[in-house]
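Have a look at the structure below before the remarks.
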Amino acid sequence: MNLSSCYLFKGLSDSHLGRLEAIASKQPVRQGQWLFHKDEPAEFLYILESGAVELLIEVHGSLELPVFTVESAAAELLAEVQEPVEIPTTMIRAGNGCVGVGALIEPYRYSLSARCVRDGTLSVIRRADIQRLIHQHPDLGCCVMTNLARKLLERLNETRREVQIHLMSLVRSASF
């Protein structure tokens, strides 16, 4: 098991990594297997050893989509989604990836769904076990939470850049 490759555990001492490995278990996963769904209790943290997992967001109800045509600069389309649809947002690969970080943050619920897209192996850590370890070793917890905050800030900044790109594209399209 190589937990040190996961961004959450960067900078941890060998003894702390050993403690984490002692509470982790290996789990094989198959393509198409669901790990969890949005809003379920976050009981496990999953670290990808091999394979790939996609994160999905659920869309349901009505949503407005901008539609661009040559004749009109922009028009609105109201789409009604009858059944909830799960749309992939991110692909997580082995080597640096983990899913289920909701197990580290109250209210301990998954904020997205996760499904395996390639057979692989996960290291699985129960929330109760990592919480106990963090309470016993606050420096381990501080490092893990700092790494998590850094990753979440990176994702927030990436999302802001994407929104800016899409907004500029909408402005350019509307001005023609």
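In Å², what does the accessible area per residue of the chain work out to with a 1.4 Å probe?
On the way: 10550 Å² over 176 residues.
Normalised by residue count, the accessible surface of the chain is 60 Å².
So how much slack lies between Leu170 and Lys10, counting 0.36 nm per residue of separation and subtracting their Cα-Cα distance, in nm?
Full-extension gain reported as 53.7 nm.
Enumerate the lysines that Lys10 could reach by cross-link, defined here as Cα to Cα under 22 Å, with residues fewer than 8 away along the same chain left out.
Once the sequence-local lysines are set aside, what remains near Lys10 is Lys26, Lys151.
Quick one: which residues, 5 or more positions from Cys98 or on another chain, have an amide H under 5 Å from its amide H? H modelled 1.01 Å from N in the peptide plane, none for Pro or chain starts.
Under 5 Å from the amide H of Cys98 lie the amide H atoms of Leu48, each far enough along the sequence or on another chain.
Could you run the Karplus curve 6.51 cos²θ - 1.76 cosθ + 1.60 with θ = phi - 60° over the stretch 92-97 and give me ³J(HN,Hα) per residue in whole Hz, x for Gly and Pro?
10, 10, 5, x, 8, x
So which GluC sites (Glu not before Pro) in the stretch 132-176 pass both tests, a DSSP loop state and at most 13 other Cβ atoms within 10 Å of the Cβ?
When the GluC sites (Glu not before Pro) of the stretch 132-176 are filtered for loop state and at most 13 Cβ neighbours within 10 Å, nothing remains.
Taking 0.36 nm per residue of sequence separation and subtracting the Cα-Cα distance, how much length would be gained by fully extending the chain between Asp119 and Arg161, in nm to one decimal? All intermediate terms of the calculation are to be shown ahead of the outcome.
On the way: separation 42, 0.36 × 42 = 15.12 nm, distance 3.21 nm.
Result: 11.9 nm gained on full extension.
What list of ³J(HN,Hα) couplings, whole Hz, do you get for the stretch 37-49 from phi and the Karplus terms 6.51, -1.76, 1.60, once you set θ to phi - 60° and write x for glycine and proline?
Working through the residues one at a time gives 10, 3, 6, 6, x, 8, 9, 9, 10, 10, 10, 6, 8 Hz.
Which far-off residues, 5 or more places away or on another chain, put their amide H under 5 Å from the one on Leu112, with H placed in the peptide plane?
So Leu112 has HN proximity to Asp39.
The values are calculated or read from the model by the stated rules, or taken from the named source; none is laboratory data. These numbers were taken from a predicted model, which means no experiment stands behind them. Don't worry about glycine lacking a Cβ; one is built from the backbone with ideal geometry, like all the others, and counts go over all protein chains shown. Side chains are part of the model used for accessible areas, which takes the heavy atoms of the whole protein and leaves out ligands, DNA and RNA. Shrake-Rupley method; radii C 1.70, N 1.55, O 1.52, S 1.80 Å.
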